[in-house]
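Input: a single structure, listed below in structure tokens.
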Amino acid sequence: TLVDLLLGLLTPESGDIKVDGVSVYEAIASWQQLIGYVPQMIYLTEDTLAKNVAFGVPDHLINYQQLQQAIELAQLAEMVERLPQGIHTVVGERGMRLSGGQRQRVGIARALYHDRQILVLDEATAALDNETESLISDAIQALGGHKTLVIIAHRLSTVREADQIVVLDQGEIVEVGNHSNLLDRGGLYARLNALQETGELLA
């Protein structure tokens, strides 16, 4: 629900979402143009990597310099070098020739290509193994200072490097802080972190 509110898909019955003191609902179309959404399952077409990153852009209008920059920021450059035809390699139906982590990074690259200033990653690492999640986390950290990232996650390792972590419980905000000071407080975040590290609680 919170993600839908942030994306402007729902309008709150009470309260507001403001940026620089201005309600986003006063210019919802402009707000949505700033946001790139990266879900858990990335939709890919049976087409080239380039066309999947520049999704929806006609072939003759694809900006390849912008495309390359998005690929590098999303930590995809090494993968592209290994592909038989580089960015012109067909990724297969639903991206079946790519791993889960690679598909996620294509989703990030897509949002970056379209120059979204705010990236909302909705459980983007939930279905990935630890090694692949680490690669996605590297891509996310590489964007620090370039974009505003809103990361929704149950797996706390995904948000460990975040500037600010907001802990929700039953729809209520119960804690706000960074990883270190939330651990020091010994509250819900600290308890969940301890359980996940010991494997007692699956992410």
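The values are calculated or read from the model by the stated rules, or taken from the named source; none is laboratory data. Predicted model, so just to flag it, every value in this text is computed and none were measured. For neighbour counting, all protein chains shown are included, and Cβ atoms are generated from backbone atoms with ideal geometry for every residue, glycine included. Note: accessible area is taken over every heavy atom of the protein model, side chains too, but ligands, DNA and RNA are not part of it. Shrake-Rupley method; radii C 1.70, N 1.55, O 1.52, S 1.80 Å.
Consider the range 13-41 and keep the residues that are modelled with pLDDT of 90 or more and of a type in the set (Ser, Thr, Tyr). The one that is least open to solvent (accessible area, probe 1.4 Å) is 23.
Looking at 174, 167, 150 in this structure, which one is surrounded by fewer than 16 Cβ atoms within 10 Å (Cβ to Cβ) and touching a Leu at 6+ places or on another chain (Cβ under 7 Å)?
174
One line per residue, one yes/no per condition, for (1) within 21 Å of residue 8 (Cα to Cα); (2) of a type in the set (S, T, N, Q):
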| site | (1), (2) |
| --- | --- |
| 28 | yes, no |
| 33 | yes, yes |
| 38 | yes, no |
| 43 | yes, no |
| 55 | no, no |
| 59 | no, no |
| 64 | no, no |
| 71 | no, no |
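Taking the range 1-40 as the range and being under 30 Å from residue 94 (Cβ atoms), assigned to a loop (DSSP other than H, G, I, E, B) and touching a residue at least 12 places away in the same chain (Cβ under 8 Å) as the test, the residues that pass are 1, 7, 8, 34, 39, 40. In the range 189-200, how many are open to solvent by 60 Å² or more (accessible area, probe 1.4 Å) and either at pLDDT below 85 or of a type outside the set (D, E, K, R) (or both)? Qualifying residue count, the range 189-200: 4. How about the range 64-90: which of its residues are open to solvent by less than 80 Å² (accessible area, probe 1.4 Å) and either free of Cβ contacts under 8 Å to residues at least 12 places away in the same chain or in a helix (DSSP H, G or I) (or both)? Answer for the range 64-90, where residues must be open to solvent by less than 80 Å² (accessible area, probe 1.4 Å) and either free of Cβ contacts under 8 Å to residues at least 12 places away in the same chain or in a helix (DSSP H, G or I) (or both): 66, 67, 68, 70, 71, 73, 77, 79, 80, 86, 87. Within the range 42-55, residues that are in contact (Cβ under 8 Å) with a residue 12 or more places away in the chain and open to solvent by 40 Å² or more (accessible area, probe 1.4 Å) reach partners that are part of a loop (DSSP other than H, G, I, E, B) and among the small types (Gly, Ala, Ser) with beta carbons closer than 8 Å, at six or more positions or on different chains, in the pairs 46/92. In the range 93-118, of all residues being part of a helix (DSSP H, G or I) and polar (S, T, N, Q), the one that is surrounded by the fewest Cβ atoms within 10 Å (Cβ to Cβ) corresponds to 102. When each of 61, 10, 2, 49 is tested for being at pLDDT 90 or above and out of contact with any helix residue (DSSP H, G or I) (no Cβ under 7 Å at 6 or more places or on another chain), the lone residue that passes is 61.
Please determine whether any residue of the range 155-174 is assigned to a loop (DSSP other than H, G, I, E, B), among the β-branched types (Val, Ile, Thr) and modelled with pLDDT under 85. No, there is no match, as no residue in the range 155-174 is assigned to a loop (DSSP other than H, G, I, E, B), among the β-branched types (Val, Ile, Thr) and modelled with pLDDT under 85.
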